[in-house]
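The values are calculated or read from the model by the stated rules, or taken from the named source; none is laboratory data. From a predicted model like this one, the values you see are computed outputs, not experimental measurements. Neighbour counts are summed over all protein chains in view; Cβ atoms, including those assigned to glycine, are modelled from backbone coordinates with ideal geometry.
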There are 2 protein chains.
Amino acid sequence: MATGGHLAKHGFSEVAASRGESAYVVDVGPFYIASIVECLGSKALVADEMNKLTGKSYYDSIAQDTIAMAINDLITVGATPLVVQAYWAAGGSDWFSDGQRAQALVAGWKRACDICKVSWGGGETPALAGIVADGRIDLAASCTGLINPKQRLSVGDKLAPGDSIVLLASSGIHANGLSLARKLAERLPQGYLTPVTPNLNFGEALLAPTVLYSPVTEALYEAGITPHYCANITGHGWRKLLRHPATHTYRIHTVPEVTPVLKFIQEHARQDDKEAYSTLNMGAGFALFVKAADAQRTVEVAKSQGVEAIVAGQIEAGQKKLIIEPLNIEFGDEALQLR
Amino acid sequence: MATGGHLAKHGFSEVAASRGESAYVVDVGPFYIASIVECLGSKALVADEMNKLTGKSYYDSIAQDTIAMAINDLITVGATPLVVQAYWAAGGSDWFSDGQRAQALVAGWKRACDICKVSWGGGETPALAGIVADGRIDLAASCTGLINPKQRLSVGDKLAPGDSIVLLASSGIHANGLSLARKLAERLPQGYLTPVTPNLNFGEALLAPTVLYSPVTEALYEAGITPHYCANITGHGWRKLLRHPATHTYRIHTVPEVTPVLKFIQEHARQDDKEAYSTLNMGAGFALFVKAADAQRTVEVAKSQGVEAIVAGQIEAGQKKLIIEPLNIEFGDEALQLR
């Protein structure tokens, strides 16, 4: 974008390779600065429906989801998140007069900041009657971080055949695929109260908070492992593994266990595997592309942070495609057009 | 906020004095990083109404308003804005299929970035049916900047009796007071088409884009002038001059000309001066508190950037209050409670 040139006036420059990546990176000399703003999406609507059914507030986990949207994108470029700002735009100031709900949002936000070791810098809580629907809230987070030392930058130039693909477990649907899930709930006779497992209904399963992956990427740095590239698996499901612009073949030999709620959605939406893996995270919330020699240790570091992980496959020279061998699925270059 | 302590883990620290200021500041060693997220508010509703009446799109100026909300707050702490991220949450993806409107938003956004010499890093354009009202858009901007050199930090520790108050001209209502203006439009027989001056109707007068003040603060730095403190005059009108927590008297001896649209609002809303100056910017969009010896030169630097300015008064030892002598108005400490 032409505006990147303005940084020269200040003695700085953009990292052009970060255009099209999940966070924007500027070279300010001693280190890089990464920044981002991300939206939760429609997951809050599920929390609102479930609140009507159970009387509970789910905004503590909704808060974590919102921060995860920003943090999990910011870390893909190698950044350590430092500051999160809250953007909570309500349909009216009365949104915040539901004390239980407002306190849950604040408590969940603070807890997610604690997990990621970021400072909650402040934010904005406008009341936007006429723009945001009555009784609703539009949640977003902005995040600023540093890539420090600069060698931690991972915008993909180091990615090469032979690299291993490590997949980090998701906790459920995270915050992508909710439109589909909400449509499904409308069709189910018991709606959100339909059991997914004997002790868990559909609504609560959907509301499992998104995993925050920055403790893993920080622990990797401390262990001396610098990923060659990262992909946050959100919209477009596993097609996000094809995010990098280079021409490589991504061969998956092992898939993680599919979270029950995702299996439930796949079944009830009658999706075949190809459709499910191209829409949902199917048990993998984040992909790390690392040197093969680092793969097993990457898994161990993730587990040390309480996040399940597997060495799922490797990168090979060849056409740009993703091959999920255990499921007999292939996605070609045309499957993902983000740029 | 307790989360600020997390920065120590990364070898950094927050600038505690920035808590409660308009932007949050972190000390990262060679310089400070400032960050912020800001919402436009309800001004887009005026653009939507005016579009129905005239067929024109006003989203180019709405874009500038949104960026101004973030930039004009960020620069109060002495920061040079570097990166802006766009947050455009629409009521549905069809919002963007109005090509004229979408292009105006993009063009205005880029133009504001050009004026402020910031890089447009990217952003998020979610379609949030069910959360954002149908046909509407919730606009916000996040901004990251550097305070470099660190001596530029202006969180108020240098503010002292004897300092001059320089006021920078506003272009109109900016983006605060729009609820009042919208109510007024409903009551006027000709609504937004009521003339404010012979050639300007109320709607178009309201939609004059907010002045971007960062060219002034950057030019001041180049001229060797470091403000002791700054206040962005937004909500709460001139009471924002009392923003600093210290106990000083702010004596105003000269007020700027009141923009016609603000005079119009004051008259039609039957506000006395005290009410008007406590709600609207009344011709002053930004306040710079500078060393008395720098005051006249500050005015000249502002004018060199195309922004009208006046030396409006000075700070004195005494009770915390704002005295607007030409209007015989006083605001005490109780007038502004932001912290």
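Would you say A:T259 is buried (at least 23 other Cβ atoms within 10 Å of the Cβ), in contact with a helix residue (DSSP H, G or I) (Cβ under 9 Å, 6 or more places away or on another chain) and farther than 20 Å from A:D163 by Cα? When the stated conditions are applied, A:T259 passes them. Summed over the range B:261-312, residues that are in contact (Cβ under 8 Å) with a residue 24 or more places away in the chain and of a type in the set (K, R) total 3. Within the range B:21-36, restricting attention to residues that are within 21 Å of B:L241 (Cβ to Cβ) and either among the charged types (D, E, K, R) or more than 7 Å from chain A (Cβ to nearest Cβ) (or both), the residue that is surrounded by the most Cβ atoms within 10 Å (Cβ to Cβ) is B:A23. The residues on offer are B:G41, B:G92, B:G99, and the sole one that is under 25 Å from B:A129 (Cα atoms) and surrounded by 24 or more Cβ atoms within 10 Å (Cβ to Cβ) is B:G41.
Being in contact (Cβ under 8 Å) with a residue 60 or more places away in the chain and either surrounded by fewer than 16 Cβ atoms within 10 Å (Cβ to Cβ) or in contact with a Leu (Cβ under 6 Å, 6 or more places away or on another chain) (or both) is the requirement here; does B:Q151 meet it? First the steps, then the outcome.
Numbers: in contact (Cβ under 8 Å) with a residue 60 or more places away in the chain: yes; either surrounded by fewer than 16 Cβ atoms within 10 Å (Cβ to Cβ) or in contact with a Leu (Cβ under 6 Å, 6 or more places away or on another chain) (or both): yes.
Spelling it out, B:Q151 is indeed in contact (Cβ under 8 Å) with a residue 60 or more places away in the chain and either surrounded by fewer than 16 Cβ atoms within 10 Å (Cβ to Cβ) or in contact with a Leu (Cβ under 6 Å, 6 or more places away or on another chain) (or both).
When only residues in the range A:81-129 that are in contact with a Pro (Cβ under 9 Å, 6 or more places away or on another chain) and hydrophobic (A, V, I, L, M, F, W, C) count, which is farthest from B:A175 (Cα to Cα)? Out of the qualifying residues, it is A:I115.
Taken as a whole, the structure leaves A:G135 outside the set of residues that are free of Cβ contacts under 8 Å to residues at least 40 places away in the same chain, of a type in the set (G, A, S) and not in a helix (DSSP H, G or I). Residues in the range B:129-166 that are more than 14 Å from chain A (Cβ to nearest Cβ) and out of contact with any His (no Cβ under 9 Å at 6 or more places or on another chain): B:Q151, B:L153, B:G162, B:S164, B:I165, B:V166. Restricting the range A:48-84 to residues that are buried (at least 24 other Cβ atoms within 10 Å of the Cβ) and more than 17 Å from the chain's Cα centre (by Cα), the residue that is farthest from A:T144 (Cα to Cα) is A:Y58. Taken over the range B:1-20, the residue count meeting the criterion of being facing another protein chain (nearest Cβ under 9 Å) and among the hydroxyl-bearing types (S, T, Y) is 2. Taking the criterion of being in contact with a helix residue (DSSP H, G or I) (Cβ under 8 Å, 6 or more places away or on another chain) and farther than 12 Å from B:S61 by Cα, the residues of the range B:84-115 that qualify are B:V84, B:A86, B:W88, B:A90, B:W95, B:F96, B:A102, B:C113, B:D114, B:I115.
Checked against the criterion of being more than 15 Å from the chain's Cα centre (by Cα), surrounded by 20 or more Cβ atoms within 10 Å (Cβ to Cβ) and modelled with pLDDT of 95 or more, the candidates A:P227, A:P189, A:P161, A:P195 yield just one match: A:P227.
When B:R239, B:R182 are checked against the criterion of being among the basic types (K, R), more than 24 Å from B:A292 (Cα to Cα) and part of a helix (DSSP H, G or I), a single residue qualifies: B:R182.
Each row is one residue, and each column tells you yes or no for (1) in the same structural domain as B:P189 (by TED's automatic domain parsing); (2) in contact with a strand residue (DSSP E or B) (Cβ under 6 Å, 6 or more places away or on another chain); (3) under 22 Å from B:D73 (Cα atoms); (4) of a type outside the set (K, R).
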{"residue": "B:R239", "(1), (2), (3), (4)": "yes, yes, yes, no"}
{"residue": "B:E257", "(1), (2), (3), (4)": "yes, no, no, yes"}
{"residue": "B:T279", "(1), (2), (3), (4)": "yes, no, yes, yes"}
{"residue": "B:A293", "(1), (2), (3), (4)": "yes, no, no, yes"}
{"residue": "B:Q296", "(1), (2), (3), (4)": "yes, no, no, yes"}
{"residue": "B:A317", "(1), (2), (3), (4)": "yes, no, no, yes"}
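When each of A:G135, A:G145 is tested for being assigned by TED's automatic domain parsing to the domain that holds A:V106, surrounded by fewer than 20 Cβ atoms within 10 Å (Cβ to Cβ) and either modelled with pLDDT of 95 or more or over 22 Å from the mean Cα position of the chain (by Cα) (or both), the lone residue that passes is A:G135. Note on the range B:107-128: residues that are at the interface with another protein chain (Cβ under 7 Å from one of its Cβ atoms), crowded, with 18+ Cβ neighbours inside 10 Å and assigned to a helix (DSSP H, G or I) amount to 1. Listed conditions (1) assigned to a helix (DSSP H, G or I); (2) surrounded by fewer than 21 Cβ atoms within 10 Å (Cβ to Cβ) are all met by B:R251, apart from (1). Take the conditions (1) in contact (Cβ under 8 Å) with a residue 12 or more places away in the chain; (2) assigned to a loop (DSSP other than H, G, I, E, B); B:G203 misses just one of them, which is (2). Only one entry of A:A44, A:A70, A:A63 meets the criterion of being hydrophobic (A, V, I, L, M, F, W, C) and away from every other protein chain (no Cβ under 11 Å), and that entry is A:A63. Taken over the range B:230-241, the residue count meeting the criterion of being hydrophobic (A, V, I, L, M, F, W, C) and at pLDDT below 95 is 0.
The set of residues in the range B:85-95 that are at pLDDT 95 or above and more than 30 Å from B:Q151 (Cβ to Cβ) comprises B:A86, B:Y87, B:W88, B:A89, B:A90, B:G91, B:W95. Scanning the range B:1-38 for residues being over 18 Å from B:R152 (Cα atoms), of a type outside the set (A, V, I, L, M) and touching a residue at least 24 places away in the same chain (Cβ under 8 Å) gives a total of 2.
The rows are residues; the columns are (1) assigned by TED's automatic domain parsing to the domain that holds A:V255; (2) over 23 Å from the mean Cα position of the chain (by Cα); (3) not hydrophobic (A, V, I, L, M, F, W, C).
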{"residue": "A:K117", "(1), (2), (3)": "no, no, yes"}
{"residue": "A:G172", "(1), (2), (3)": "yes, no, yes"}
{"residue": "A:L178", "(1), (2), (3)": "yes, no, no"}
{"residue": "A:L206", "(1), (2), (3)": "yes, no, no"}
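Does the range A:86-106 contain at least one residue that is within 25 Å of A:L207 (Cβ to Cβ), aliphatic (A, V, I, L, M) and within 9 Å of chain B (Cβ to nearest Cβ)?
In the first step, residues of the range A:86-106 are kept if they are within 25 Å of A:L207 (Cβ to Cβ); the result is A:86-92, A:94-106.
Among the residues that remain, those that are also aliphatic (A, V, I, L, M) are: A:86, A:89-90, A:102, A:104-106.
Then keep just the ones that are within 9 Å of chain B (Cβ to nearest Cβ); that gives A:86, A:89.
For the range A:86-106, residues within 25 Å of A:L207 (Cβ to Cβ), aliphatic (A, V, I, L, M) and within 9 Å of chain B (Cβ to nearest Cβ): present.
When A:T217, A:T279, A:T254, A:T234 are checked against the criterion of being of a type in the set (S, T, Y), closer than 28 Å to A:K320 by Cβ and more than 17 Å from the chain's Cα centre (by Cα), a single residue qualifies: A:T254.
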